[in-house]
Amino acid sequence: MTQLQINGSTQDVNVPDGMPLLWVLRDELGMTGTKFGCGMAMCGACTVHMDGAPVRSCLTPVSVATGRQISTIEGMEADPVGRAVQQAWITQNVAQCGYCQAGQIMTAVSLLKATPQPTEQEIADAMSGNICRCGTYPRILAAIQQAARQLAQGAKQ
């Protein structure tokens, strides 16, 4: 039995140690917000946070996640930065097909936690590993900038 800490809750799963975290989340725990994209950690659709850092869950064995704090898109509503990013995504009408958006949001949240007021280049660098087949990159940039402004305003109050 493997015990995982996901979105602040303890989850017990009986899976092989080498099973990718993505499949544990989706198939064992029913958390389908994290998407399978390429299976090679190159597209970013499967991005989750492990101890606050973005990781590709398609190639991360569940054994690596044991004892670590895992956050998924399902947990972002409870996170102030996650809420700000999700609201900005809606305001900027970022999603087109929506498939990559969970991974995009998870990467954006991680960026804003590490760099609350990123430059356009810092945003481009951080987001470069997340592919959007619909090409909504300008709206993604605008949403991240909006979330950064909103979070800075909240911090001043």
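The values are calculated or read from the model by the stated rules, or taken from the named source; none is laboratory data. In this text, all values refer to a predicted model and were calculated from it rather than measured experimentally. Cβ atoms come from the backbone with ideal geometry, glycine included; neighbour counts cover every protein chain shown.
Based on this model, can you work out whether Ala142 counts as under 17 Å from the mean Cα position of the chain (by Cα) and modelled with pLDDT of 95 or more? Spell out the reasoning first.
On the way: under 17 Å from the mean Cα position of the chain (by Cα): no; modelled with pLDDT of 95 or more: yes.
When the stated conditions are applied, Ala142 does not pass them.
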### Message
Looking only at residues that are in a strand (DSSP E or B) and free of Cβ contacts under 8 Å to residues at least 12 places away in the same chain in the stretch 1-46, which one is farthest from Ser71 (Cα to Cα)?
### Response
Asp12
## Note on the structure
Only unsatisfied item for Pro80, checking (1) under 21 Å from Ile131 (Cβ atoms); (2) touching a residue at least 12 places away in the same chain (Cβ under 8 Å), is (1)
## Note on the structure
In the set Thr47, Thr10, the lone residue that is of a type in the set (S, T, N, Q) and more than 25 Å from Ala114 (Cβ to Cβ) is Thr10
### Task
Name every residue in the stretch 59-89 that is surrounded by fewer than 20 Cβ atoms within 10 Å (Cβ to Cβ) and either β-branched (Val, Ile, Thr) or over 13 Å from the mean Cα position of the chain (by Cα) (or both), in order of residue number.
Leu59, Pro61, Ser63, Val64, Thr66, Gly67, Arg68, Gln69, Ala78, Pro80, Val81, Gln87
#### Entry: Single condition Ala126 does not satisfy, out of (1) modelled with pLDDT of 95 or more; (2) more than 20 Å from Cys100 (Cβ to Cβ)
(2)
### Task
Scan the stretch 66-119 residue by residue and report those that are under 14 Å from Arg139 (Cβ atoms) and among the small types (Gly, Ala, Ser).
Ala88, Ala95, Gly98, Ala108
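Looking at Gly52, Gly37, can you tell me which residue is small (Gly, Ala, Ser), over 17 Å from Glu74 (Cβ atoms) and out of contact with any Ser or Thr (no Cβ under 6 Å at 6 or more places or on another chain)?
Numbers: Gly52 fails: over 17 Å from Glu74 (Cβ atoms).
Only one candidate qualifies: Gly37.
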### Summary
Of the residues in the stretch 89-109, those that are closer than 20 Å to Glu122 by Cα and not hydrophobic (A, V, I, L, M, F, W, C) number 5
### Message
Anything in the stretch 102-157 that is touching a residue at least 24 places away in the same chain (Cβ under 8 Å), more than 23 Å from Glu77 (Cβ to Cβ) and of a type in the set (Val, Ile, Thr)? List them, or say none.
### Response
Ile131
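Can we say Gly37 is crowded, with 20+ Cβ neighbours inside 10 Å and over 18 Å from Ile123 (Cβ atoms)? Steps first, answer last, please.
Values: crowded, with 20+ Cβ neighbours inside 10 Å: yes; over 18 Å from Ile123 (Cβ atoms): yes.
In short, yes.
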### Query
Which residues, taken from the stretch 122-148, are part of a helix (DSSP H, G or I) and closer than 17 Å to Asn93 by Cα?
Tyr137, Pro138, Arg139, Ile140, Leu141, Ala142, Ala143, Ile144, Gln145, Gln146, Ala147, Ala148
### Query
Asn93 is checked against (1) under 15 Å from the mean Cα position of the chain (by Cα); (2) surrounded by fewer than 16 Cβ atoms within 10 Å (Cβ to Cβ); (3) not small (Gly, Ala, Ser) and fails just one. What number does that condition carry?
(1)
